[in-house]
Amino acid sequence: SNSIPLTSISSGGQNSAIDAAASLAKQWPGTLYIRFDCEMNITSSPWDPANLGETPANFVSAWQYVVNRFSSDGVTNVKWVWSPNINPNGNHPFDAYYPGNSYVGMAGLDGYNYATLDGTNWTSFASLFQSSYADIVNLTGGKPLDIAEVGSAEANSAEQKLGDSKAAWIDQMDQF
C-alpha cells in the first residue's frame, strides 16, 4: 500500500529515493516506461490520493515533481505512462489527475469486466472502455495510448446462454 504522502514527494521529502530511482533508470540501455501511481482515480487503489487525505492536485504536483527531478538528474530515457482506471459510469473521473502533456509520454487505461464477481452485469470490452477512451484521447491530445491492464471474469451459466464468454470478450477487443 501507499504510505508516502504525495505532499512529501512534492515538498522534496523523498528526494533520495527519487534520485536513486533516477540513477538506476539512467543506466538502463533503452527506453524505460514508468507507470507512476497508476489507477489513482479509484479508491481501491493504494495510489488514490483520498486514501491519504489528499487531492488530485496533490497527485499532479507529485507527478510533476518526480518527472522534473528525473529530468534535472539527466534522465532522458524514461517515458512516463499516465494510467488511470476507466470511468465507464462517471464514478471514477480522471481528468483532474492529468499532470499535463509535457509531463506525460503516453497514456494507459486499466479496466476489467468483473461481471458476476462483483454482482454486476456482463459488459462488453467496447462498452467498458468506449467513453474513457474518448475522454483520454481528448485529454491527452492524442498521445499514444496503451491498454495497460485488462481482463474479464468467466461468464456464469446465464451469461453463457446469452452467448457471453471470457474467450469471446477477449476476441471482441480487436473490434473496438
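The values are calculated or read from the model by the stated rules, or taken from the named source; none is laboratory data. In this text the structure is predicted, and so the values were computed from the model without any measurement. Using ideal geometry, Cβ is built from the backbone for each residue, glycine included, and neighbour counts are taken over all protein chains shown. Please note that ligands, DNA and RNA were not included when accessible areas were found on the heavy atoms of the full protein model with its side chains. Shrake-Rupley method; radii C 1.70, N 1.55, O 1.52, S 1.80 Å.
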- Once amide H atoms are placed 1.01 Å from N in the peptide plane, what residues at a sequence separation of 5 or more from residue 149, or on another chain, have their amide H within under 5 Å of its amide H? 109, 110, 111
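Quick one: accessible area per residue over segment 78-156, 1.4 Å probe, rounded to a whole number of Å²?
45 Å²
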- Note on the structure: Once amide hydrogens are built 1.01 Å from N within the peptide plane, the residues lying 5 or more places from residue 33 or on another chain with amide H under 5 Å from its amide H are 79
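Can you tell me the relative contact order of segment 1-160? Whole percent, Cα pairs under 8 Å, sequence separation 6 or more. Each step should come with its number before you reach the end.
Details: 239 pairs, mean separation 35.2, N = 160.
It comes to 22 percent, rounded to a whole number.
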- Query: Hey, got the Cα dimensions of segment 67-117 along the principal axes, in Å, largest first?
  - Reply: 48, 20, 13
- Message: What are the ³J(HN,Hα) couplings of segment 166-175, residue after residue, when phi is run through the Karplus curve with 6.51, -1.76, 1.60 and θ = phi - 60°? Round to Hz, x for glycine and proline.
- Response: 4, 4, 5, 4, 5, 4, 6, 4, 7, 9
- Item | Among 10, 29, 132 the positive-end extreme of the charge dipole of the chain (Cβ point charges) | 29
- Task: Could you rank the peptides 144-155, 159-170, 77-88 by their average count of other C-beta atoms within 10 Å per residue, with the highest value first?
- Result: 77-88, 144-155, 159-170
- Query: If you put +1 on each Lys and Arg Cβ and -1 on each Asp and Glu Cβ, how big is the dipole of segment 1-77 around its Cα centre, in Debye rounded to 20?
  - Reply: 200 debye
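What is segment 88-176's relative contact order, in percent, from Cα pairs under 8 angstrom and six or more apart in sequence? All intermediate terms of the calculation are to be shown ahead of the outcome.
Numbers: 94 pairs, mean separation 31.6, N = 89.
Over segment 88-176, the number comes to 36 percent.
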- Message: Straight-line reach from residue 79: which aspartates and glutamates fall under 17 Å, measuring Cα to Cα and dropping same-chain residues less than 8 apart?
- Response: 19, 37, 146
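Using the Kirkwood radius over Cα pairs, work out the Stokes-Einstein diffusion coefficient for segment 1-55 at 20 °C and 1.002 mPa s, in µm²/s as a whole number.
Working: Rh = 12.7 Å.
Roughly 169 µm²/s, to the nearest whole number.
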- Scattering profile of segment 74-176 at q = 0.18 Å⁻¹ [log10 I(q)/I(0), Debye over alpha-carbon scatterers]: -0.86
- Could you state the accessible area per residue of segment 1-51 in Å², with a 1.4 Å probe and every protein chain left in place? 55 Å²
- Counting pairs of Cα atoms in the chain, how many percent are more than 31 Å apart? 23 percent
- Task: At q = 0.26 Å⁻¹, work out log10 I(q)/I(0) for segment 23-87 with the Debye formula, treating every Cα as an identical point scatterer and leaving solvent out; two decimals please.
- Result: -1.08
- √(5λ) per eigenvalue of the Cα gyration tensor, segment 28-128, largest first, Å: 28, 16, 11
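I'd like the carbon and sulfur percentage of the solvent accessible area for the chain, probe radius 1.4 Å, heavy atoms only, ligands and nucleic acids excluded.
Carbon and sulfur: 50 percent of the exposed surface of the chain.
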- Item | Phi-based couplings in Hz for segment 17-33 (Karplus 6.51, -1.76, 1.60; Gly and Pro marked x) | 5, 5, 5, 5, 5, 4, 4, 5, 4, 4, 7, 5, x, x, 7, 10, 9
